[in-house]
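To start, the structure under review is shown below, and the notes come after it.
The values are calculated or read from the model by the stated rules, or taken from the named source; none is laboratory data. Just so we're clear, the structure is a prediction, and the values are computed from it rather than from any experiment. Cβ sites come from the backbone with ideal geometry, for glycine too, and all protein chains shown count toward neighbours. Accessible surface is based on the protein model in full, side chains and every heavy atom, while ligands, DNA and RNA are left aside. Shrake-Rupley method; radii C 1.70, N 1.55, O 1.52, S 1.80 Å.
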Amino acid sequence: MRTVVIAGGTRGIGRALADRLTGWNVVALGSADADLSSMKDTRALIGRLPERIDALVLSAGRFSSRRIVTGEGLERTWAIGVVAKYLLADGLRPALERAPRPVILNLCGVGGIRAGRIHWDDPQLTGGYSLLTMTMQGARANDLLGAGFAQRYPGSPVRYVLYNPLFVNSGMHRYFDQPLRSVIGVSAALFGTSPAKAATPLAEVLEEPPSAPLTALRRGRPVPLPDPADAARFYDLMQATQK
Ligand SMILES: NC(=O)c1ccc[n+]([C@@H]2O[C@H](COP(=O)([O-])OP(=O)(O)OC[C@H]3O[C@@H](n4cnc5c(N)ncnc54)[C@H](OP(=O)(O)O)[C@@H]3O)[C@@H](O)[C@H]2O)c1
């Protein structure tokens, strides 16, 4: 039986995907299983996961309108949505490479939020945090995580898929303050895809991973791959974060 680990599998899109994967051994993780805002907890989690993993889904995230700093000194949105994804992909690569057709599916903003840029000198936005700036930067950062993984492990059988599901009515408006909470909640109910519908193409990616080492999809449609030039620089940034 194939094993899928879904970080962020207790709610929203990750949970809907977990529900769809009949015939798989599903390891669905939420913050009660490990606090992915902590690098220490994330590393400990990696050591507890199965030795062979067919699919890793990176779906954990938590928006915040205020800048919150973790005990390890990281901005929390960045820690969960970028640093933990980096640690999980790299840390679980050996377990993935024991599977015949391994795949990493990273739910992110690829091909959607074009204005996102990395604030190289201050990625944790100490000098000017806003939810929008961090969200846009996070989207760009996830592009570079995928490009960097494919660059660093060119001979690996692991396929990395960056996937933007666009607007999904997952209940994420609960993280926002009013009046934004109501605006996003109503918009998601009117215009968002249901998590169950969003999960259908994601399950297909896991069932039949693409043949290319790196694929970028925006609601199932291919979008240009991230520019690899920044990926190595971003890897250095991730390495520096851990020191
Ligand atoms: N919804 C959209 O419109 C949309 C669009 C594009 C991309 N995405 C991306 O898709 C992913 C899933 O989004 P979603 O809307 O389904 O999110 P969601 O409903 O808010 O679910 C977030 C998941 O992350 C987990 N999580 C949050 N903080 C955590 C922590 N500190 N440690 C461990 N796990 C933690 C939650 O676990 P607990 O609840 O158990 O704590 C939950 O399972 C995110 O990366 C998001 O950026 C979403």
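So the values come out like this:
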| item | result |
| --- | --- |
| All Cα pairs of the stretch 84-170, percent lying beyond 17 Å | 53 |
| Quarter of Cα convex hull surface for the stretch 3-241, i.e. mean projection, nm² | 12.0 |
| Selected from Thr70, Thr133, Thr22 as most flexible by GNM, with the chain as the system and alpha-carbon contacts under 10 Å | Thr22 |
| For the chain, built as a Gaussian network whose Cα springs stay under 10 Å, the top-fluctuating residue of Leu125, Leu56, Leu202 | Leu125 |
| Amide hydrogen neighbours beyond the local backbone of Asn25, cut-off 5 Å, H modeled | Arg2, Thr3, Val4 |
| Selection from Leu56, Gly171, Val161, by position along the positive dipole direction of the stretch 3-241 (Cβ) | Gly171 |
| 19 Å Cα-Cα reach of Lys197 towards aspartates and glutamates, excluding residues that sit fewer than 8 places from it in its own chain | Asp19, Glu207, Glu208 |
| Proximal lysines relative to Lys40, as straight alpha-carbon distance under 24 Å, when same-chain residues fewer than 8 apart are discounted | Lys85, Lys243 |
| Per residue Cα convex hull volume in Å³ - calculated over the stretch 160-209 | 74 |
| Rg(Cα)/(2.2 N^0.38 Å) for the stretch 147-243, N = residue count | 1.37 |
| Other-chain or far-sequence residues with amide H under 5 Å of Arg159's (modelled H) | Val103, Ile104 |
| 1.4 Å probe accessible area per residue over the stretch 148-243, in Å² | 53 |
| Estimated 222 nm signal from helices in the chain, with DSSP H stretches of n ≥ 4 weighted -39500 (n - 2.57), rounded to 500 | -11500 deg cm²/dmol |
| Built amide H within the under 5 Å cut-off of Arg67, gap 5+ | none |
| Helical segments meeting 15 Å axial Cα length and Kyte-Doolittle 1.0 threshold in the chain (DSSP H) | 180-191 |
